[in-house]
Structure formats: structure tokens, C-alpha cells
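Okay, structure first, notes after.
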Amino acid sequence: MVKKIITLFSLLLIMTEMNAQKQNIQNAINSLKEKDVATAKKYIDEAVANPATNTNAKAWMLRGIINQAIIIPSEYLPKLQFILDEKMYEIDLASANSLKGANPNAFEEAVNSYNKSLSYDKKYSKQEVMPLITAMVLLGFNSGINEMNSSKFNEAAQSFQNVLKVAQIDEGKPFKGEAGFDTLFTNCKLYQGNCYYQIGKEDDAIPLLEEAAKNPITQKADVYVMLTDIYERKGNTAKWSEVMKEAKAKYPNDKRLINNEINYYLKLGKGEESIAKLKEGIAAEPNKADLHIILGQTYYNMATPKDEKGNAKPAPANAKELEQNALKSFSKAIELDPKNPYPQFYSGILFFNTAKDLTDEMNKADDKKYKEIEPKRNEQLNLAIPFLEKAKTFTEAEGLNDGNREMYKQILSGLSQAYMITDKAEKSTEMQNLLNKQK
């Protein structure tokens, strides 16, 4: 009889505790109605920590929602609406945002809570879950894009990682059959790989970029540019050759890949070998402007060698001859393709860089020598300006893209400096203003 009384008393305690914790869930909901998110969070954290309700799907779902509300900026959305047990609720985001400082891991806590909730309720309502996790995906993705465009690559990489964590909620089942998510998640991996590349985390970047190179959604020349650059820096000749061969087969005319290959062989001291191969190609296709551009670049790179860190090395004895050969090649390319911005740009940069070298000499010279060099410097700038102006016009005509955007910035910068030195202040300001608008 005593044992039965004890057993009944124990069961009564368990039921009492369970009811108390269920009341915590309701108290959390009531606190949200009163815009008291801090108290709601306290109640729901107690509920999921207690053995009586730590497998309650509703409790974990509500905890996920509260943590999600903490990270959604109230300036974009005043309230977060959600459905729970087929009832509509809302959270005041200004109140929720005030808890962000005390909850720096709110995004991860939201993801973990949703995972727990769905694991405890395999018959969950997709109608209730999808709006919430979709909002998390879009928040993380847009944050990552904005951070990446602002060169905040560490933060962007984390934002994209957050999105990929959301993608794995319940092993990705909520997103199956939902249009657009496969593409978004695939792009997340590419962008995360780009961020790691930008901050020098090459070992983290490689698997993401190699996956991107194999996926039709993200397969683009940019990926191969990054991969060849990484393998070159690592000194992995076999992988560099493998990736470059694949890249050239898919994007034979991409200027960045062409430059990477030229520079790679030049660093290995194989400039003459590159020129011989290019001349063979020109003999077979004499009217192909791109081959003449590449030949010109090769001559110029040989005339102005650089070390692995990009610092100038001593010029060879035949540097002037190599520069003249470069100009002849660019001139031939312009003849074959008059509206191609690249030979115009490279010709202009050659004269501009010569002017820059003369400016460096002027800064070290006495007054007499300074005045002797100045007209020679200005002559080079006046030779550069028409080429850069045409390069600007033709680049704008074809439209800015990932392949020519960096060149366009260099054109604007070169023109701004050249105009300023040659007493064309208004034009210089115009170019600088255009440059400032570029991301």
C-alpha cells in the first residue's frame, strides 16, 4: 500500500512539473502578445531545458521563432508573423532586436531549435515552417551579398555558412520540390568560396570552388581564374595544368585566364616559349585579334618582369625593343578589331606606365633634371590619353561585366591622373567621380 501511494505521488509530481512547463510555453506566447520578447525568451528557454518538455516540438519551434526575431532588423520589417497550431501570432521586432547583444548566436540557436522541433514532430506543417526558414535563407543570403560587395569577406563567408545551415534543417526535406532553392544554395557555396579566396583561406576555398566548377549552375570563368591563381600560389603545377586545360577548353577567349597562363609561364622563365607558341597560332589564324593582344601582353610582361609578390624586377636589356613589339601587336589587333577595348587599354597603359616611371625619376631629381624630364613625361601621357579614352568608350558600349569591370576602373583612374597632370582639371574630376561610383 505504501509503495502504491509513493508511486502515485511520484506520478502526480511528474504531471505537475509537466503542466508547469507547458504553462511556460503558454506564458511565452502571452509575453509575445504583450511585446515582452525578453520574458518570452526566458519562459521558452526554461521549457526546452526541462526534461518534462525538452522533446516538445511546439516549444522548440517557438524558441526558434524568438531567436529568429532577434536577428531580423526591425527597420526592414516591424513585426514577424508566424503560425503555430494553426493560429496566427506576431512578434514585435524592435523589442526582439534589443536582445541581439546578449544573444550573439541567435541565428545558430534558431537553426538548432527548428531542427529539434522537426525531429520531434515528423508530421510538422510545412505551411507553418516554410515562411520562417525561407525568411532566414533570404536574410542570410542578402546579408552575405551586401557584405561581399562591401569587401567584408569574413562576415560574408559566415552569412553564407548560416544559409547553408538552414539548408540542412531536417536534412533539407522542407526545401525539396521548392523552386529556386537549389540554385540559391549552390550560389551560396560559390560565393563562400570566393570570400575564402579573397581573404587567403585557400584550403577552405578549394573544395567549394572545385564543386562550383563541376556544377552547371555556377560553372563560369571566374571560378577557374580563382582556382588557377590558388594552385599557382601553392606551386601545384599538376593541378594548375589540369584546371587551366579544362578552363581553356570551356572559355578559350577569357582574357583573365589568358593573362594567368601568360604570367604563369613568364614566372617560370618561359616567355620565349610562349611567344613561339603564339606566333604559331597567329600563322594559323592571322586575322584573330585576340592572339595579337595576347602576344602584345606577353612582350610587355617580358619587358616589365615582376616577382611572385608583384614587385618590379630589373628590366631586361632589350626592354625597349620588347615594348615596341608589344605596341606593334596591339596596333595589329586594333586594325583587325577597331572597337575592341583591350588593345586600346593595353596601349594606353604602356604609355601611362612609362610616364609613371618618368614621374618617379622627376621626384628624385634636382630642379634642372626635373625640368628636362617633365616634357618627356607629359608626352607619354598625351600618347596614353587617346587610347584610354577609346578603351573607355568601347567598354561602356559593350556594357560592364565581371570580365571588364576591373579594367574599366583602371581606365578611369589612369585618365583622371593623366588629365590632372596635363592641366585638364574638369575632365580629371569627371573621371574621378565616375570611378567613385564603381563598386
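Each value in this text was obtained by applying a stated rule to the coordinates, not by laboratory testing. Remember, predicted model here, so these are calculated numbers, not experimental data. No Cβ is skipped: glycine too gets one built from the backbone with ideal geometry, and neighbour counts run over all protein chains shown.
Each of THR228, ASN24, TYR89 was scored by the projection of its Cα onto the charge dipole of the chain, and the greatest displacement toward the positive side belongs to ASN24; charges sit on the C-beta of Lys, Arg, Asp and Glu.
Find the centroid of the Cα atoms in the stretch 204-222 and in the stretch 91-119, then give the distance between the two in whole Å. Their Cα centres are 32 Å away from one another. Ranked for footprinting exposure by Cβ neighbours inside 10 Å, fewest first, ARG256, ARG233 give ARG233, ARG256. Between GLN81 and ASN436, the FRET efficiency from the beta-carbon distance, with R0 = 45 Å, is close to 0.65.
Would you calculate the volume per residue, in Å³, of the smallest convex hull containing every Cα atom of the stretch 257-357?
Working: hull volume 10.0 nm³, N = 101.
Once divided by residue count, the hull of the stretch 257-357 is 99 Å³.
Averaging the Cα positions of each part gives two centres, and for the stretch 315-369 and the stretch 380-439 these lie 16 Å apart. Springs between Cα atoms under 10 Å define the GNM used for the chain, and in it the highest mean-square fluctuation of LYS173, LYS41, LYS339 occurs at LYS173.
Per-residue Cβ neighbour counts within 10 Å put PHE141, PHE181 in the sequence PHE181, PHE141, beginning with the fewest.
Evaluate E = 1/(1 + (r/R0)^6) for ASP423 and ASN259, where r is the Cβ-Cβ distance and R0 equals 45 Å; express this FRET efficiency to the nearest 0.05. Don't skip to the end; give the middle numbers.
Values: r = 34 Å, r/R0 = 0.76.
Calculated transfer efficiency: 0.85.
Peptide packing for 63-72, 223-232 was compared via the average number of neighbouring C-beta atoms within 10 Å per residue; ordered from the highest value, the list is 63-72, 223-232.
Taken along the Cα-to-beta-carbon direction at a fixed 7 Å, the label points for ASN142 and ALA49 span 3.4 nm.
Summing charges over all other residues whose Cβ lies under 14 Å from the Cβ of GLU335, with Lys and Arg as +1 and Asp and Glu as -1, gives +3. Angle check, please: helix 255-267 long axis (alpha carbons) against the longest principal axis of the chain (alpha carbons), in degrees 0 to 90, nearest 10. The angle comes out at about 70 degrees. The C-alpha atoms of the chain define a longest principal axis, and helix 221-234 lies at about 80 degrees to it. Separation of the alpha carbons by more than 22 angstrom is noted, of LYS267/LYS320; LYS189/LYS409; LYS123/LYS176; LYS234/LYS279; LYS214/LYS248, for LYS189/LYS409; LYS234/LYS279. Dipole size of the chain about its Cα centre, with +1 on Lys/Arg Cβ and -1 on Asp/Glu Cβ: approximately 660 debye, rounded to the nearest 20.
Computed over the chain, the quotient of the alpha carbon radius of gyration and 2.2 N^0.38 Å is 1.41. Model label points for LYS288 and GLU171, set 7 angstrom from Cα along the Cα-to-Cβ axis, are 5.0 nm apart. Straight-distance candidates among the lysines for linking to LYS42, with alpha-carbon spacing under 19 Å and chain neighbours fewer than 8 residues away dropped: LYS22, LYS33, LYS58, LYS100, LYS116.
In the chain, the DSSP-assigned H stretches of four residues or longer account for a calculated mean residue ellipticity at 222 nm of -25000 deg cm²/dmol, using -39500 (n - 2.57) per stretch and the full residue count as denominator. In this label model, ASP367 and ASN154 are separated by 5.1 nm, measuring between points 7 Å along each Cα→Cβ vector.
Neighbour counting of Cβ atoms within 10 Å sorts the residues MET302, MET130, MET61, fewest neighbours leading, into MET130, MET302, MET61.
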